[in-house]
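These notes are about the structure you will find just below.
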Amino acid sequence: MRLAGKVAIVTGGARGIGRASAELFAEEGARVFAADLSYDEPLAHPRIEFVEHDVTDAGSWGSLVEHVHETAGRLDVLFNNAGIVGSYEPIDSIAIEDWDRIFAINVQGVFLGCRTAVPLMRAGGGGSIINTSSIWGIAGAAGVAAYTASKGAVRLLSKNVALSYVGDGIRCNSLHPGIIDTPLIAAQDAGITAGVVEMTPMKRLGRPRELAYGALFLASDESSYMTGAELVIDGGYTTQ
């Protein structure tokens, strides 16, 4: 029970990495608020509560954190996991609307989550914030301009949060997945997926549970001396 007694918010918690993490956190003793716009299948664990939530909306964040405060009394873990690829277009052809939407979810969502959660974490004596970036927040990629830029922003924002709130006992680290077998990846062009898998030394998709174990480590007290760090789980992609 590595998260026994802890309270966690997981965004994008209805599917993919978020769902796997919400389930694993609950298995390890946490009370989990799985936040997403909708869900495909109910999250059945008794310690998981699904909350309808839009990460791009400040009011939605305020309502979510207030609900957590009122029902659980504290917040120990915030996993800002919600994100999209959205477009593989380069900067000279991506629609401005697509650029804005990708940044609203991938960057604004993380900013609002940290901004809203910090006061409650501070009041409780600290906590752990985990922000999902990407291999493409570390290594460059042709095309896919908004996604790479947004995930690079998440990487550096995580370091800023780490340095800004270390005195409050709040840690913040970024998680960098490679290509993972999620509904988001299943819905994209199969040729794109095959190309990234071919560039991955392990030659396979990662499993959501494999990322969830990384998030569990960052959420738990086992990573108590880690802040501002990058945890890469990518089948070897960024070693090249």
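All of the numbers you see were taken from the coordinates with simple rules; none came from a lab. Here the structure is a predicted model, which is why all the values come from computation and not from measurement. Virtual Cβ from ideal backbone geometry, glycine too; neighbours counted across all protein chains shown.
Observations
- A simple count of charges around Ile48, restricted to other residues whose Cβ falls under 13 Å of its Cβ and scoring Lys, Arg +1 and Asp, Glu -1, yields -3.
- Residue-wise HN-Hα coupling along segment 163-177, computed from phi with Karplus coefficients 6.51, -1.76, 1.60 (Hz; x: Gly, Pro): 6, 6, 10, 4, x, 9, x, 9, 9, 9, 9, 9, 10, 10, x
- Computed from phi, the 3J(HN,Hα) profile of segment 136-144 under the Karplus parametrisation 6.51, -1.76, 1.60 (θ = phi - 60°) reads 7, x, 10, 9, x, 8, 6, x, 5 Hz, with x in place of Gly and Pro.
- Spin-label pair Ala142/Thr193, simplified geometry with 7 Å Cα→Cβ offset, distance in nm: 2.3
- Interchain or long-range residues, amide H under 5 Å from Phe50's placed H: Ala34
- Computed from the alpha carbon atoms alone, the convex hull of the chain holds 115 Å³ per residue.
- Straight-line cross-link reach from Lys203 at under 29 Å between alpha-carbon atoms covers these lysines, not counting any fewer than eight positions away in the same chain: Lys151.
- Helix 58-72 vs. the chain, principal-axis angle (Cα, 0 to 90°, nearest 10): 40
- Summing Lys and Arg as +1 and Asp and Glu as -1 over all other residues whose Cβ lies under 13 Å from the Cβ of Arg19 gives a net charge of -3.
- Amide H contacts of Ile170 (H built 1.01 Å from N, in plane; Pro and chain starts excluded): Gly127 sit under 5 Å, all sequence-distant by 5 or more or on other chains.
- Considering only Thr148, Trp61, Tyr165, the residue lying farthest towards the positive end of the dipole of segment 7-239 is Tyr165, judged by Cα position with unit charges set on Cβ.
- Note, ³J(HN,Hα) from phi for segment 106-111, Karplus 6.51, -1.76, 1.60, rounded to Hz, x at Gly and Pro: 6, 10, 4, x, 5, 4
- For the pair Arg101 and His69, label points projected 7 Å from Cα toward Cβ lie 3.3 nm apart.
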